[in-house]
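Student: Have a look at this one before I ask anything.
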Amino acid sequence: QVQLAESGGGLVQAGGSLRLSCAASGSLFSISAVGWYRQAPGKQREWVTTITRSGSTNYADSIKGRFTISRDNAKNTVYLQMNSLKTEDTAVYYCFGSSSWSDYWGQGTQVTVSS
């Protein structure tokens, strides 16, 4: 079993920055990739970014060049650095972890970008 806990959300003006954190605990040996999804009001949850165990990263086109995912293996923590935030980035951001047999999710953290 894996537990994920996000933090770092909040209110920021457009053009500003936030850094989200996702602390993982439990059977981490089973996790092959971690990343972030987000869900805006009235919309479906959408994939944002993923980082694999080897460090390979992928990003959604909507955030490419503005968001950066990274990981600190010693702290079992994944970060999402979000720069040049736009009002359309407003959403609940969820951390996820994937293994061969299951996906794990955090409880989500709210990011609100004001104009």
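Student: Looking at region 24-47, which of its residues are open to solvent by 50 Å² or more (accessible area, probe 1.4 Å) and either part of a helix (DSSP H, G or I) or of a type outside the set (S, T, N, Q) (or both)?
Tutor: Filtering region 24-47 for residues open to solvent by 50 Å² or more (accessible area, probe 1.4 Å) gives 25-26, 29, 32, 37, 39, 41-47.
Selection gives GLY26, PHE29, TYR37, PRO41, GLY42, LYS43, ARG45, GLU46, TRP47.
Student: Here is a follow-up. Mind checking which strands (runs of 3 or more DSSP E) fall wholly inside region 57-115 and carry at least 1 residues that are in contact with a Phe, Trp or Tyr (Cβ under 9 Å, 6 or more places away or on another chain) and under 21 Å from GLY26 (Cα atoms)?
Tutor: Working: elements: 57-59, 67-72, 77-82, 91-98, 103-105, 109-114.
The strands (runs of 3 or more DSSP E) meeting that bar are 67-72, 77-82, 91-98, 103-105, 109-114.
Student: Could you look through region 76-108, keep only residues that are of a type in the set (A, V, I, L, M) and in contact with a Gly (Cβ under 7 Å, 6 or more places away or on another chain), and pick out the one that is nearest to GLN44 (Cα to Cα)? It would help to see each step written out before you state the result.
Tutor: Of the residues in region 76-108, the ones of a type in the set (A, V, I, L, M) are 78, 80, 82, 85, 91-92.
Remaining after also requiring in contact with a Gly (Cβ under 7 Å, 6 or more places away or on another chain): 85, 92.
Details: LEU85: 20, VAL92: 11 Å.
So, considering only residues that are of a type in the set (A, V, I, L, M) and in contact with a Gly (Cβ under 7 Å, 6 or more places away or on another chain), the one nearest to GLN44 (Cα to Cα) is VAL92.
Student: Condition test on ALA91, is it modelled with pLDDT of 95 or more and surrounded by fewer than 18 Cβ atoms within 10 Å (Cβ to Cβ)? Talk me through it step by step, then tell me what you get.
Tutor: Numbers: modelled with pLDDT of 95 or more: yes; surrounded by fewer than 18 Cβ atoms within 10 Å (Cβ to Cβ): no.
In short, no.
Student: List, please: which pairs have Cβ atoms under 9 Å, are six or more places apart or on different chains, and start with a residue in region 93-115 that is within 11 Å of VAL2 (Cβ to Cβ) and end with one that is of a type in the set (A, V, I, L, M) and assigned to a loop (DSSP other than H, G, I, E, B)?
Tutor: GLY97/ILE31; SER98/ILE31; SER99/ILE31; TYR104/ILE31
Student: Continuing with the same structure: Exactly one of (1) among the polar types (S, T, N, Q); (2) part of a loop (DSSP other than H, G, I, E, B); (3) farther than 17 Å from SER99 by Cα is unmet by SER21. Its number?
Tutor: Here SER21 clears every test but (2).
Student: I need the full set of residues from region 56-88 which are touching a helix residue (DSSP H, G or I) at 6+ places or on another chain (Cβ under 9 Å), at pLDDT 95 or above and open to solvent by 20 Å² or more (accessible area, probe 1.4 Å), in order please.
Tutor: SER62, ARG66
Student: Would you mind stating whether SER114 is over 13 Å from GLY35 (Cβ atoms) and open to solvent by 60 Å² or more (accessible area, probe 1.4 Å)? Talk me through it step by step, then tell me what you get.
Tutor: Numbers: over 13 Å from GLY35 (Cβ atoms): yes; open to solvent by 60 Å² or more (accessible area, probe 1.4 Å): no.
The answer is no for SER114.
The rows are residues; the columns are (1) free of Cβ contacts under 8 Å to residues at least 60 places away in the same chain; (2) surrounded by 14 or more Cβ atoms within 10 Å (Cβ to Cβ); (3) within 11 Å of the chain's Cα centre (by Cα).
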position: GLU6; (1), (2), (3): no, yes, yes
position: GLY10; (1), (2), (3): no, no, no
position: GLN13; (1), (2), (3): no, no, no
position: LEU20; (1), (2), (3): no, yes, yes
position: THR49; (1), (2), (3): yes, yes, yes
position: SER54; (1), (2), (3): yes, no, no
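Student: Can you find a residue in region 51-67 that is touching a Leu at 6+ places or on another chain (Cβ under 8 Å) and within 18 Å of TYR104 (Cα to Cα)?
Tutor: Just the residues of region 51-67 that are touching a Leu at 6+ places or on another chain (Cβ under 8 Å), to begin with: 66-67.
With the extra rule that they be within 18 Å of TYR104 (Cα to Cα), the set shrinks to none.
The answer is no, given that none of the residues of region 51-67 is touching a Leu at 6+ places or on another chain (Cβ under 8 Å) and within 18 Å of TYR104 (Cα to Cα).
The values are calculated or read from the model by the stated rules, or taken from the named source; none is laboratory data. Remember, predicted model here, so these are calculated numbers, not experimental data. Every residue, glycine as well, gets a Cβ built from its backbone with ideal geometry; the counts of neighbours run over all protein chains shown. Each accessible area value is taken on the protein alone, full model and side chains, heavy atoms only, with ligands, DNA and RNA left out. Shrake-Rupley method; radii C 1.70, N 1.55, O 1.52, S 1.80 Å.
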